[in-house]
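First the structure, in the form of structure tokens, and then the observations on it.
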Amino acid sequence: MNKKTNSIIFMAVATVVNLVLMFVLIILGIVLVSLIPFGDNTSLYSICIFVVFFGAIFLSFKIYSKLVEWATVRFSLEEKLDPIFTPKKNRKDKRE
């Protein structure tokens, strides 16, 4: 496999891990919010669910970023991966 293929596989696996992490954080947050006695105050419950949803997205992104940094250093992925998207000015001329 070449560097481009390794990069695509790495990003696909990392994306799946990020989605699973987000799903777990949302479920955990909903369970924790459901344990809080709100009584008849449904608007507060709705706000808490809203906060849980966006908090899970934020936390999963932060954890994902740290995991990618750790994996890059731990497994020396700098040499094994190639950037998927490169700016137009940095691309090599394919005619050479």
For segment 3-47, enumerate the residues that are closer than 16 Å to Ile63 by Cα, open to solvent by less than 50 Å² (accessible area, probe 1.4 Å) and among the polar types (S, T, N, Q). Asn18
Of all residues in segment 1-19, which are assigned to a helix (DSSP H, G or I) and of a type in the set (A, V, I, L, M)? Ile8, Ile9, Met11, Ala12, Val13, Ala14, Val16, Val17, Leu19
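Residues of segment 36-65 being among the aromatic types (Phe, Trp, Tyr) and modelled with pLDDT under 90, which ones?
To start, the set of residues in segment 36-65 that are among the aromatic types (Phe, Trp, Tyr) comprises 38, 45, 50, 53-54, 58, 61, 64.
Result: Phe38, single match.
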Could you grab me the full set of residues in segment 66-87 that are on the phi < 0 side of the Ramachandran plot and either at pLDDT 85 or above or among the β-branched types (Val, Ile, Thr) (or both)? Lys66, Leu67, Val68, Glu69, Trp70, Ala71, Thr72, Val73, Arg74, Phe75, Ile84, Thr86
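The values are calculated or read from the model by the stated rules, or taken from the named source; none is laboratory data. On a predicted model such as this, the values are computed, not experimentally measured, just so you know. Heavy atoms of the whole protein, side chains included, go into the accessibility calculation; ligands, DNA and RNA do not. Shrake-Rupley method; radii C 1.70, N 1.55, O 1.52, S 1.80 Å.
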